[in-house]
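See below for the structure under consideration.
The values are calculated or read from the model by the stated rules, or taken from the named source; none is laboratory data. Because the structure is predicted, anything quoted here is derived from the model rather than measured. Here Cβ is always computed from backbone atoms with ideal geometry, including for glycine, and neighbour counts include all displayed protein chains. For the accessible areas, the whole protein counts, side chains as well, though only heavy atoms, and no ligand, DNA or RNA atoms are used. Shrake-Rupley method; radii C 1.70, N 1.55, O 1.52, S 1.80 Å.
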Amino acid sequence: MYRKSVWDKFDNYEDIMTYNEGYKSFITKGKTERLCVNEAIKLAEKAGFKPLETFKSVKPGDKVYSVNRGKNIAVFVIGKESLENGLNILGAHIDSPRLDIKQNPLYESTEFSLLDTHYYGGIKKYQWVTIPLALHGVVYKKDGKVIDINIGDEENDPVVGISDLLVHLSGDQLQKTANKVIEGEDLDIMVGSIPLKTADKDKVKANVLRIIKEKYDFEEEDFLSAEIEVVPAGKARDYGLDRSMVAGYGHDDRVCAYTSLTAVLDLKEVPNKTACAILVDKEEVGSIGATGAQSSYFINVIAELLSLEGKYNDLVLRHTLTNSKMLSSDVSAGVDPLFLGVNEMKNSAFLGKGIVLNKYTGSRGKGGCNDANPDFIAYIRKIFDNNNICFQTAEIGKVDQGGGGTIAYILANYNMNVIDAGIPVLNMHAPMEIVSKADVYEAYCAYLAFISA
């Protein structure tokens, strides 16, 4: 059962390194769901894909993409077989843990101006203090104007951040548990300290509002219809003296999103079954809402494609879903050499050993898992072995240690075969996560083999 290193498979690492340059650019630019979708559209159109609404019919070889509310994108290469025979689907999520600016966020305290936040997804709150942070998002004004916010990632931009108590005065703080050292309501972003001399009160807040009005043309009230995310500032970087890894924000799950997306975009021949990559939102908070995996969006798009094929009815749609196969492309917990005690080593994922198959995720007693069928696992193993793909199998830590979930069970509810297949990550959900470049490239090769089968 020994799994060889991906690095040992290659005589040189040029393909691995080149592919990861594209990936680093993607996660550097795509720090929010909207930005990820924007980057995906650029890549899709460069590869010859066209919007779904421009098609009056579809035929084998057509390259189609569809966008939902700026936060989902699905790309398809129409296959030789009828859609009713099923699709080969790669599904990943493009939301990542972060801080969200509240609707009424701006206030002044002791002549500092701050923005109040609400954290999104599962985070260790203490990891988000004393690091450079950036602001990305949109503001919708009542007149219909949309303002893009992008502060902190350009070379000459200012950054923002969250302060922490100096160690000299931390006697009481350091007695608290890690979950209480920094409270959720204390994750407030410091944004200014210069007073506006002409203001009557809250002069520092007034000066921040002046800057916002002059640079971005919106008022304090417009925060009510804004969606601004607080994310780590800075680019994804090579990690390790050998440059074998990538350090960056949002590997979970944009590393699987990029590899899934590019696998479909790079198909050289028309596949037998329609190939698809679907990138969704809201996984970190339960896959809910109009842009989460539980939304009807994806099923609606397949219905539209069936209609363009001239074969739509409800029964055909159900057949299409049942006959489809999916890799739920989500990351897995990599073994950290500093924290070996949380793993059951025979069933753990190691960086550099290739893509990870998780038969089930969930937590304690498989709660909330998909639990893939063994016949489907055998099918995937055969594809990977026939294409010389390095892969490994794993669970998310020891049985009673914790666990996690993905979108696998949601798509499995449509009676299609689904298994989790992704990339091992260190520091998962931290502002800086780590992946192996070898795993990133091997996942891309694995996804390409799956959708080509």
With region 208-252 reduced to its Cα atoms and the Debye formula applied, log10 I(q)/I(0) at q = 0.17 1/Å amounts to -0.66
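Using unit Cβ charges (K, R positive; D, E negative) and no other charged atoms, how large, in debye to the nearest 20, is the dipole of the chain about its Cα centre? Could you put the intermediate results ahead of the total?
On the way: 51 positive and 63 negative charges, 201 e Å.
It works out to roughly 960 debye.
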Peptides 142-153, 326-337: what's the order by average Cβ count within 10 Å, highest mean first?
326-337, 142-153
Sum of -39500 (n - 2.57) over DSSP H runs of 4+, divided by residues of the chain (222 nm, nearest 500)
-8000 deg cm²/dmol
Based on the mean of other beta carbon atoms within 10 Å per residue, what is the order of 119-130, 378-389, most packed first?
119-130, 378-389
Calc'd 3J(HN,Hα), region 22-27, phi into Karplus 6.51 cos²θ - 1.76 cosθ + 1.60 (θ = phi - 60°), Hz, glycine/Pro = x, comes to x, 5, 4, 5, 5, 7
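In Å², and per residue, what accessible area does the chain have when probed at 1.4 Å with the other protein chains present? Write out the running numbers ahead of the final one.
Numbers: 21040 Å² over 453 residues.
Here the residues of the chain average 46 Å² of exposed surface.
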Kirkwood Rh, Cα atoms: Rg over Rh of region 1-158
1.06
Hey, what's the Kirkwood Rh for region 75-145 if you take every pair of different alpha carbons, in angstrom?
17.1 Å
What is the spread of the Cα atoms of region 194-272 along each of their three principal axes, largest first, in whole Å?
68, 39, 18
Size of region 25-117 as Cα extents on the principal axes (Å, biggest first)
67, 25, 25
Longer than 24 Å from Cα to Cα, which of Lys71/Lys213; Lys4/Lys273; Lys80/Lys437; Lys325/Lys359 are they? Say none if no pair is.
Lys71/Lys213; Lys4/Lys273; Lys80/Lys437
Cross-link partners of Lys203 among aspartates and glutamates (Cα-Cα below 14 Å; sequence separation of 8 or more within a chain)
Glu108, Glu111
With a 1.4 Å probe and all protein chains in place, put Thr177, Thr393 in order of accessible area, largest first.
Thr177, Thr393
From the C-alpha gyration tensor of region 297-427, pull out the three semi-axes of the equivalent ellipsoid (sqrt of 5λ each), sorted largest to smallest, in whole Å.
32, 16, 12
How many nm separate the modelled label positions at Thr322 and Asp375, each set 7 Å beyond the Cα in the direction of the Cβ?
1.3 nm
Of all DSSP beta bridges in region 1-86, what percent run antiparallel (nearest 5)?
75 percent
Where Rh denotes the Kirkwood radius from the mean inverse Cα pair distance, what is Rg over Rh for region 80-190?
1.15
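Taking all pairs of distinct Cα atoms, average 1/r, flip it, and tell me the Kirkwood hydrodynamic radius of region 131-280 in Å to one decimal place.
On the way: mean 1/r = 0.0505 Å⁻¹.
Evaluated on region 131-280, it is 19.8 Å.
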For region 264-272, take each phi angle, set θ = phi - 60°, evaluate the Karplus expression 6.51 cos²θ - 1.76 cosθ + 1.60, and give the result in whole Hz per residue in order, putting x for glycine and proline.
6, 5, 8, 4, 8, 10, 5, x, 5
Dipole magnitude of region 225-271 about its Cα centre (Cβ charges: Lys, Arg +1; Asp, Glu -1), debye to nearest 20:
200 debye
Cross-link candidates for Lys176: which lysines have Cα within less than 28 Å, leaving aside residues fewer than 8 places away along the same chain?
Lys102, Lys124, Lys125, Lys398
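Could you please state how large a percent of the accessible area of the chain is carbon and sulfur, counting protein chains only and using a 1.4 Å probe?
Numbers: 10650 of 21040 Å².
So the carbon and sulfur contribution to the accessible surface is 51 percent.
Out of the DSSP beta bridges found with both residues in the chain, what percent are antiparallel (nearest 5)? Intermediate values should be presented prior to the final figure.
Working: 53 of 77 bridges.
Of those bridges, close to 70 percent are antiparallel.
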With θ set to phi - 60°, apply the Karplus curve 6.51 cos²θ - 1.76 cosθ + 1.60 along region 198-210 and write out the HN-Hα couplings as whole Hz, x wherever there is a Gly or Pro.
7, 7, 7, 8, 6, 5, 6, 4, 4, 5, 5, 5, 4
Taking placed amide H atoms and a strict 5 Å upper bound, the residues 5 or more places from Gly79 or on another chain that come that close are Gly61, Thr274, Ala275
What the Cα atoms of the chain span along the principal axes, largest first and in whole Å, is 71, 54, 43
